[in-house]
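Trainee: Right, I'll just put the structure down here and ask away after.
The values are calculated or read from the model by the stated rules, or taken from the named source; none is laboratory data. If you're wondering where the values come from, they're calculated on a predicted model, not measured in any experiment. With ideal geometry, Cβ positions are generated from the backbone for all residues, glycine too; neighbour counts draw on all protein chains shown.
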Amino acid sequence: MKLKAIIYVFLASAFLSSCIKEHIATQLDKYDIARPLTIKKDTTLILVRDFFPLIKNISNISSKDFDVISNPYNDTIKLIKKDSLSILTTIEVSSEGETATIIAFDKREQRNNLLLYSEYSDDSEIRLTAEFIPEKVVVMWQNSVLSHDYSTIRQSADSSVNIFVKIPECSKDFETSFIRVYATDGKGLSNDILIPIKKGVVVNNSNMITRGDKHSYILYSLLIDRFYDGNPSNTKKLNSPDVLPKVDYYGGDLEGVLEKIKSNYFSDLGVNTIWLSPITQNPYDAWGQNKDPKTKFSGYHGYWPIFITKIDDRFGNEKVLKELLDEAHKRGINVILDYVANHMHINSPTLTAHPDWVTPKTTPDGRPNLQLWDEFRLTTWFDNHIPSLDLERQYVYEPMTDSALLWLKNFDFDGFRHDATKHIPEVYWRTLTTKILKSFPGRNVFQIGETYGSPELIESYVKNGMLDGQFDFNVYDAFIRSTVDSTGDFNDLKNNLMNSLSTYGYHNVMGYITGNHDRPRFISLAGGAVSQNEDTKMAGWKREIGVGDEVGYDKLAMLQAFIFTIPGVPCIYYGDEYGDPGANDPDNRRWMRFDGYSQKENALVNNAKKMINLRKTSLPLIYGDLIPLKTEKDIISYCRIYFGEIVIVSLNKTKEKKEIQLNLPFEIDPQSTIENFGKLLSADKKVMTLEVAPVSFTIISAKLKNK
């Protein structure tokens, strides 16, 4: 297709009526950017406030590709696709004389591997390259479609297509804003482009990133009771004959976390966001019953709240918590709180006063409504002593969301990790998020949930009006299958990763973990000390679980490399920085160790520190698009690219050294290459050859060759 034809297609179909007039931002542009809508059926129901939670008085919703049926008194809209529905389309929402746009994808079509990437920027303009002929391109600034006055398209000498985007003047009035670009060739979608703008300037240096930039988060998950004892006087073990020591209190507290913040443990490691386990008051006595071995449990973990707005006496007090938050923030570290909304302990005074707040203890067919995670996911009880709250009832979800709000009002938390997300109805999440946005305008509050299930179920909670992200356990499980199982195949990992990027977006803030408190330690799975084919909880009770084969250290280092080089928010579970072993809980909740590491453990800590530093200083790893390069059973290779800066990653899970030749979609400058990990053998134009050690990885930085 010749340039003239390309421009015609581009202007005719890509640039809809401009939502920016004379560089004036609308009130709707001040909202967070609205997530795209995925169309999977002929008829789609949407809640407009899932995209714009603070929008008022919706006056009109329109789209050239849908028949829109709406109720002016309700933001629930029915979209009925027309025969002309494009793979990439838009929905315009008007309120109080202003208009915002929702991007929509028709995902029923086969997704093509269409490549779009950022190549160059200066003070006023951005240049993108499409390695395909675009039939339609939509360029957004915040929630407005940019007109063709801001964009042009030209065909390059190498037959690729350049898209030039001017930076709107009004972006100078925003601390942070985003340009987004979406494209299609008429048969499939490209990856999406996300470009952060700070006060009108494209982010071109990691020093421009602030503590509130969610894409730069690096989480560290810790269990307070098992982390560090900073105040032995509040250590109150049950010391009961019916509670085994492994599930009694150990003594970790908020002062312990504070001490490690002050001693710069987190800063030296490099993480910038601490996820605290629940701090609310739990019962003083033992509950639950394990038959083999026979034991009851203390509430050391914090997930059995008695008082949902009171700090547990064993963990500390308000003064210590405020100092902890202050000291973390001084060091550029966020702190998010693990909040339990799904249930309360049966002896909670709240439930004693309001017994009608809980869901039925039996199912409609008379069975115990206990641990029916999927069949009755919104009502099932986790255990007999922790009834689930009936959060579909307004008289329950209103005070419960108000209680969550109190933690933000009284303490300078930076967000929440939400427990048992899929077991809580959507109305709770919509109510809570709306209250947060109204109560704390301009405050950056990060909300990430926990849901085990399909990408479709997980994604249903990831909306502007609900949560920023959730933990992507499906990719974690695929990594385990690919590296731990004898028949594991990296194609499984690639397919799950690409499905996640397609579902949650190429620039999501989903959580990608080294492990968590509900799973056996990865290093013990990788080393063979515990098997997925056994009862991994029982294993921890019946035998001493170590690492097993020392290859577990190498595979955990690979996992660290993987989660720190893909889009999303990497998360280290405490102890995984040095390779703490363990079966499933409670064995995966051992005392944290801060010294006395073995040679292998020291090497793993140093690997983690180096990986974290690379992640924090590399814009391609924070904002870049991911491009698959080569995947076979035992190797996976991909790259990230952001404005001509590239990071190439290859993982090798065999016990043999590999030479991996990669065909890149663009030509690099051979003089610009840097060996971050591993070895570069050669780089010539669009071909790069890497050496990857056995059960290891190679990471190379490079730059595009100037055109």
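Trainee: One residue is enough: does the stretch 137-145 have a residue meeting the conditions out of contact with any Gly (no Cβ under 7 Å at 6 or more places or on another chain), on the phi > 0 side of the Ramachandran plot, crowded, with 18+ Cβ neighbours inside 10 Å and in a loop (DSSP other than H, G, I, E, B)? If you could, list the steps in order and put the result at the bottom.
Mentor: Our first condition is that a residue be out of contact with any Gly (no Cβ under 7 Å at 6 or more places or on another chain); within the stretch 137-145, this holds for 137-145.
Checking which are on the phi > 0 side of the Ramachandran plot leaves us with 142.
Checking which are crowded, with 18+ Cβ neighbours inside 10 Å leaves us with 142.
Still in the list and also in a loop (DSSP other than H, G, I, E, B): 142.
Looking for residues that are out of contact with any Gly (no Cβ under 7 Å at 6 or more places or on another chain), on the phi > 0 side of the Ramachandran plot, crowded, with 18+ Cβ neighbours inside 10 Å and in a loop (DSSP other than H, G, I, E, B), one finds at least one in the stretch 137-145, hence yes.
Trainee: Within the stretch 490-506, is there a residue that is surrounded by fewer than 23 Cβ atoms within 10 Å (Cβ to Cβ), of a type outside the set (Asp, Glu) and on the phi > 0 side of the Ramachandran plot?
Mentor: yes
Trainee: Checking THR401 against (1) among the β-branched types (Val, Ile, Thr); (2) in contact with a strand residue (DSSP E or B) (Cβ under 7 Å, 6 or more places away or on another chain); (3) part of a helix (DSSP H, G or I), which single condition isn't satisfied?
Mentor: Unmet condition: (2).
Trainee: Can you tell me which condition ILE636 does not meet? The list is (1) on the phi > 0 side of the Ramachandran plot; (2) touching a residue at least 40 places away in the same chain (Cβ under 8 Å), and all the others hold.
Mentor: (1)
Trainee: Filter the stretch 411-425 down to the residues that are in a helix (DSSP H, G or I) and in contact with a Gly (Cβ under 9 Å, 6 or more places away or on another chain), then identify the one that is nearest to ASN334 (Cα to Cα).
Mentor: Kept after step one, since they are in a helix (DSSP H, G or I), are these residues of the stretch 411-425: 421-423.
From what's left, in contact with a Gly (Cβ under 9 Å, 6 or more places away or on another chain): 421-422.
On the way: THR421: 22, LYS422: 25 Å.
Ranking the candidates gives THR421 first.
Trainee: Scan the stretch 328-336 and tell me whether some residue there is surrounded by fewer than 23 Cβ atoms within 10 Å (Cβ to Cβ), touching a residue at least 24 places away in the same chain (Cβ under 8 Å) and basic (Lys, Arg).
Mentor: yes
Trainee: A follow-up question, please. Looking at the stretch 268-275, can you tell me whether even one residue there is assigned to a helix (DSSP H, G or I), surrounded by fewer than 16 Cβ atoms within 10 Å (Cβ to Cβ) and within 25 Å of the chain's Cα centre (by Cα)? So that I can check it myself, show each step before the final result.
Mentor: Start the filter on the stretch 268-275 by keeping residues that are assigned to a helix (DSSP H, G or I), which leaves 268-269.
With surrounded by fewer than 16 Cβ atoms within 10 Å (Cβ to Cβ) added as a condition, the list becomes 268.
From what's left, within 25 Å of the chain's Cα centre (by Cα): 268.
Within the stretch 268-275, one or more residues are assigned to a helix (DSSP H, G or I), surrounded by fewer than 16 Cβ atoms within 10 Å (Cβ to Cβ) and within 25 Å of the chain's Cα centre (by Cα).
Trainee: Now for a different question. What number of residues in the stretch 303-320 are of a type outside the set (Ser, Thr, Tyr) and either at pLDDT below 95 or farther than 19 Å from SER240 by Cβ (or both)? Show your work before the answer.
Mentor: Going through the stretch 303-320, the residues of a type outside the set (Ser, Thr, Tyr) turn out to be 304-308, 310-320.
Right, trim to either at pLDDT below 95 or farther than 19 Å from SER240 by Cβ (or both) and you get 305, 307-308, 310-311, 315-320.
Qualifying residue count, the stretch 303-320: 11.
Trainee: OK, next. Restricting to the stretch 67-80, give me the number of residues that are surrounded by 16 or more Cβ atoms within 10 Å (Cβ to Cβ) and within 31 Å of the chain's Cα centre (by Cα).
Mentor: Within the stretch 67-80, residues that are surrounded by 16 or more Cβ atoms within 10 Å (Cβ to Cβ) and within 31 Å of the chain's Cα centre (by Cα) number 3.
Trainee: Right, another one. Can we say TYR284 is more than 15 Å from PHE382 (Cβ to Cβ), aromatic (Phe, Trp, Tyr) and surrounded by fewer than 20 Cβ atoms within 10 Å (Cβ to Cβ)?
Mentor: For TYR284, the condition - more than 15 Å from PHE382 (Cβ to Cβ), aromatic (Phe, Trp, Tyr) and surrounded by fewer than 20 Cβ atoms within 10 Å (Cβ to Cβ) - is met.
Trainee: All but one of (1) touching a residue at least 40 places away in the same chain (Cβ under 8 Å); (2) more than 24 Å from TYR300 (Cβ to Cβ); (3) surrounded by 14 or more Cβ atoms within 10 Å (Cβ to Cβ) hold for VAL427; state the number of the condition that does not hold.
Mentor: For VAL427, the exception is condition (1).
Trainee: Let me ask something additional. Answer yes or no as to whether THR451 is in a loop (DSSP other than H, G, I, E, B), modelled with pLDDT of 95 or more and either over 30 Å from LYS41 (Cβ atoms) or not acidic (Asp, Glu) (or both). Break it down into steps so the answer makes sense when it comes.
Mentor: Details: in a loop (DSSP other than H, G, I, E, B): yes; modelled with pLDDT of 95 or more: yes; either over 30 Å from LYS41 (Cβ atoms) or not acidic (Asp, Glu) (or both): yes.
It is true that THR451 is in a loop (DSSP other than H, G, I, E, B), modelled with pLDDT of 95 or more and either over 30 Å from LYS41 (Cβ atoms) or not acidic (Asp, Glu) (or both).
Trainee: I've got another one for you. Can you pull out the residues in the stretch 98-136 that are within 30 Å of the chain's Cα centre (by Cα), farther than 25 Å from ILE668 by Cα and assigned to a strand (DSSP E or B)?
Mentor: THR99, ALA100, THR101, ILE102, ILE103, ALA104, PHE105, ASP106, LYS136
Trainee: Something else about it: For the stretch 280-312, which positions are touching a Leu at 6+ places or on another chain (Cβ under 7 Å) and either over 23 Å from VAL340 (Cβ atoms) or hydrophobic (A, V, I, L, M, F, W, C) (or both)?
Mentor: Of everything in the stretch 280-312, those that are touching a Leu at 6+ places or on another chain (Cβ under 7 Å) and either over 23 Å from VAL340 (Cβ atoms) or hydrophobic (A, V, I, L, M, F, W, C) (or both) turn out to be ALA286, PRO293, ILE311.
Trainee: For a quick check of your reading of the model, give me the residue pairs whose first member lies in the stretch 523-542 and is without any contact (Cβ under 8 Å) to a residue 40 or more places away in the chain, whose second is not in a helix (DSSP H, G or I), with beta-carbon atoms closer than 8 Å and at least 6 apart or on different chains.
Mentor: Close Cβ pairs satisfying both conditions: GLY528/GLY548; GLY528/ASP549.
Trainee: If you take the residues in the stretch 230-257 that are of a type in the set (D, E, K, R) and surrounded by 18 or more Cβ atoms within 10 Å (Cβ to Cβ), which one is farthest from the chain's Cα centre (by Cα)? Please lay out each step first, then the result.
Mentor: Pass one, the stretch 230-257, residues of a type in the set (D, E, K, R): 236-237, 242, 246, 248, 253, 255.
Now restrict to residues that are surrounded by 18 or more Cβ atoms within 10 Å (Cβ to Cβ): 248, 253, 255.
Details: ASP248: 32, ASP253: 27, GLU255: 28 Å.
Among residues in the stretch 230-257 that are of a type in the set (D, E, K, R) and surrounded by 18 or more Cβ atoms within 10 Å (Cβ to Cβ), the one farthest from the chain's Cα centre (by Cα) is ASP248.
Trainee: Please report, ordered by residue number, the strands (runs of 3 or more DSSP E) entirely within the stretch 146-196 with at least 3 residues that are among the hydrophobic types (A, V, I, L, M, F, W, C) and farther than 21 Å from ASP29 by Cα. Don't jump to the end; show me each part of the working.
Mentor: On the way: elements: 151-155, 161-166, 177-184.
Once the strands (runs of 3 or more DSSP E) in the stretch 146-196 are filtered for at least 3 residues that are among the hydrophobic types (A, V, I, L, M, F, W, C) and farther than 21 Å from ASP29 by Cα, what remains is 161-166.
Trainee: Suppose we filter the stretch 641-697 for residues that are aliphatic (A, V, I, L, M), under 27 Å from ILE480 (Cα atoms) and either surrounded by fewer than 23 Cβ atoms within 10 Å (Cβ to Cβ) or at pLDDT below 95 (or both); how many remain?
Mentor: Qualifying residue count for the region: 4.
Trainee: Out of (1) crowded, with 16+ Cβ neighbours inside 10 Å; (2) in a helix (DSSP H, G or I), the odd one out for THR295 is which?
Mentor: With (1) crowded, with 16+ Cβ neighbours inside 10 Å; (2) in a helix (DSSP H, G or I) applied to THR295, the lone miss is (2).
Trainee: If you don't mind, another one. Which of the residues spanning the stretch 460-480 are over 14 Å from GLN447 (Cα atoms) and in contact with an Asp or Glu (Cβ under 7 Å, 6 or more places away or on another chain)?
Mentor: ALA478
Trainee: Can ALA341 be described as modelled with pLDDT of 95 or more, surrounded by fewer than 18 Cβ atoms within 10 Å (Cβ to Cβ) and either more than 23 Å from GLY230 (Cβ to Cβ) or in contact with a Lys or Arg (Cβ under 9 Å, 6 or more places away or on another chain) (or both)? Don't jump to the end; show me each part of the working.
Mentor: On the way: modelled with pLDDT of 95 or more: yes; surrounded by fewer than 18 Cβ atoms within 10 Å (Cβ to Cβ): no; either more than 23 Å from GLY230 (Cβ to Cβ) or in contact with a Lys or Arg (Cβ under 9 Å, 6 or more places away or on another chain) (or both): yes.
No: the conditions fail for ALA341.
Trainee: Also, I was wondering about something else. Being touching a helix residue (DSSP H, G or I) at 6+ places or on another chain (Cβ under 9 Å) and without any contact (Cβ under 8 Å) to a residue 24 or more places away in the chain is the filter here; which residues of the stretch 560-596 pass it?
Mentor: Across the stretch 560-596, the qualifying residue is only ARG593.
Trainee: Quick check on this structure: which one of ILE55, ILE39, ILE33 is closer than 23 Å to GLY186 by Cβ, under 27 Å from the mean Cα position of the chain (by Cα) and among the aliphatic types (A, V, I, L, M)? Spell out how you get there, then give the answer.
Mentor: Values: ILE55 fails: closer than 23 Å to GLY186 by Cβ; ILE33 fails: closer than 23 Å to GLY186 by Cβ.
After applying the criteria, what remains is ILE39.
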